[in-house]
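Shown next, in structure tokens, is the structure this report addresses.
The values are calculated or read from the model by the stated rules, or taken from the named source; none is laboratory data. Remember, it's a predicted structure, so these values are computed and weren't measured experimentally. Side chains included, ligands, DNA and RNA excluded: accessible areas come from the protein's heavy atoms. Shrake-Rupley method; radii C 1.70, N 1.55, O 1.52, S 1.80 Å.
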Amino acid sequence: MNDTDTKNAIEILNRIMEVELAGVVRYTHYSLMVYGYNRLPIVDWMKSNAQEGLTHAHRAGELVTLLGGHPSLSIGKLLETAKHDIGDILRESLEHEKTALDAYYELLKLTEGGTSVLLEEYAREMIVEEEMHLDSVNKMLRHPGDVEAFKT
């Protein structure tokens, strides 16, 4: 990669790191705000997402240092709507997952065509994971028996 592409990749990776760290905070908060009969499996799912976000942030930070950059100490946007109905929480989760997915696609666009096979493969792998997260949240937002995807 040339210097400009490396600089751009570091910026995108730092943004990914920030978004994933925001997810850690977001999913940890959500896990504390779930009430009702289905609380336990939803709390476990939220805690798992928080842990996964930390792993994703760490991977992005490792790539920042691989490229000679400095990992960000910032955290991504945190939205607090003060709505804690599980539907509201899941809709906010859907938006968060879309933000992360967009950042990974941005990295893929930068690296496609052989500028960095490492970063291209990383971006593709993470896109698959984020697409699967979006699918999980989308299915959770559907009413039982609904086959069509949930639309925001």
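Across TYR105, TYR35, the residue with the most accessible area heads the list, and the full order at a 1.4 Å probe is TYR35, TYR105.
Taking a probe of 1.4 Å, how large is the accessible area per residue of the chain, in Å²? List each step's numbers first, then the result.
Details: 8660 Å² over 152 residues.
In whole numbers, the chain has 57 Å² accessible per residue.
Kindly give the semi-axes, whole Å and largest first, of the ellipsoid equivalent to region 25-97, taking each as the square root of 5 times a Cα gyration tensor eigenvalue.
Numbers: eigenvalues 163, 35, 14 Å².
In descending order the semi-axes read 29, 13, 8 Å.
Within the same chain, lysines fewer than 8 places from LYS109 are excluded, and of the rest, those with a Cα less than 19 Å from its Cα are LYS7, LYS98. Per-residue ellipticity at 222 nm, computed for the chain from helices alone with -39500 (n - 2.57) per DSSP H run of at least four residues, works out to -25500 deg cm²/dmol. Computed over protein heavy atoms with a 1.4 Å probe, the carbon and sulfur contribution to the accessible area of region 1-70 reaches 57%.
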